[in-house]
1. Residues being more than 16 Å from the chain's Cα centre (by Cα) and within 22 Å of residue 89 (Cα to Cα): count how many of those fall in region 3-24.
2. Just name the residue that is most open to solvent (accessible area, probe 1.4 Å) out of those in region 39-49 that are more than 22 Å from residue 129 (Cα to Cα) and touching a helix residue (DSSP H, G or I) at 6+ places or on another chain (Cβ under 6 Å).
3. Got at least one residue in region 84-101 being outside any loop (DSSP other than H, G, I, E, B) and more than 18 Å from residue 197 (Cβ to Cβ)?
4. So is residue 99 under 30 Å from residue 141 (Cα atoms) and open to solvent by less than 50 Å² (accessible area, probe 1.4 Å) or not?
5. Could you list, in sequence order, all residues of region 144-177 that are in contact (Cβ under 8 Å) with a residue 40 or more places away in the chain and either in a helix (DSSP H, G or I) or closer than 22 Å to residue 9 by Cα (or both)?
6. Find the residue count for region 22-38, including only residues that are of a type in the set (A, V, I, L, M, F, W, C), in a helix (DSSP H, G or I) and open to solvent by less than 60 Å² (accessible area, probe 1.4 Å).
7. Among the listed residues 80, 115, which satisfies the condition of being in contact with a helix residue (DSSP H, G or I) (Cβ under 7 Å, 6 or more places away or on another chain) and part of a strand (DSSP E or B)?
8. Checking residue 64 against (1) open to solvent by 10 Å² or more (accessible area, probe 1.4 Å); (2) within 30 Å of residue 156 (Cα to Cα); (3) not in a loop (DSSP other than H, G, I, E, B), which single condition isn't satisfied?
Amino acid sequence: MRLVVVAHGTRQLLGNAVASIIAKRAGRVLAVESKAAYVELCEPLLTDVLADGQPSVVVPLLLSSGYHIKVDLPRAAEGLPVAMGRALGPDPLLASAQVSRLVAAGVSPGRPVVLVAAGSKDPSARADIADAGVLLAKAWGGPVSVATVSGSGAPPIDQVVRPGDAVSPYLLAPGFFSDLVRARSEAAGAEVVADVIGPHPDVVELVVRRASALLAEERSERAG
């Protein structure tokens, strides 16, 4: 079985590199072939990667449920020997990675933080974003408010971020949304905007765990 991690995709090369790094590191831990794919805006597209018919486990690098998880990814895998995982978040390992980024940015532990996600109109994605805020508050040991770039699922940045606040982008890779988070947060007076989650070791560990569970399910089904 092959591991395929699938990210949304961005027009920024640095953003797309995050998925490639995660795929390589997770594949090395699992001792399997691994590859990065994208939903849109970047090649290779998931549909093209899966078209070769090679048995694969697919771990989405998407932080919340929504249209891509519910429609795009299942459609790309339809009729193929593919085991598809759920959205990567929310998860305590992602919160742990966010804490690491906040500390690296110089934010004092326990200080109030604003988690900023892209936002979504999908009710399940909105619930995921809220849960991500709860998990970050628990891992951080301090109050966490939630905002979104779009204003869908939580208030927009300018209604939540206050002068002197620290901001934790709930985004996996740099790109269009991370640029908006930084610009709008700083415009609202944020003192610190931490880095995106990126290919943090906790993210790699989460992908390894998700892939391992899918591989175990596939072995069990074959044995049965």
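1. Residues meeting the conditions: 2.
2. So, considering only residues that are more than 22 Å from residue 129 (Cα to Cα) and touching a helix residue (DSSP H, G or I) at 6+ places or on another chain (Cβ under 6 Å), the one most open to solvent (accessible area, probe 1.4 Å) is 47.
3. Checking region 84-101: at least one residue is outside any loop (DSSP other than H, G, I, E, B) and more than 18 Å from residue 197 (Cβ to Cβ).
4. yes
5. 157, 160, 168, 169, 170, 171, 172, 173, 174, 175, 176, 177
6. 4
7. Working: 80 fails: part of a strand (DSSP E or B).
Step by step, each of 80, 115 is checked, and only 115 is in contact with a helix residue (DSSP H, G or I) (Cβ under 7 Å, 6 or more places away or on another chain) and part of a strand (DSSP E or B).
8. Every listed condition holds for residue 64 apart from (3).
The values are calculated or read from the model by the stated rules, or taken from the named source; none is laboratory data. Small disclaimer: the values here were computed from a predicted structure and weren't measured. FYI the Cβ positions are ideal-geometry reconstructions off the backbone, even for glycines, and counts take in every protein chain you see. Protein only, heavy atoms only, side chains kept; ligands, DNA and RNA dropped before computing areas. Shrake-Rupley method; radii C 1.70, N 1.55, O 1.52, S 1.80 Å.
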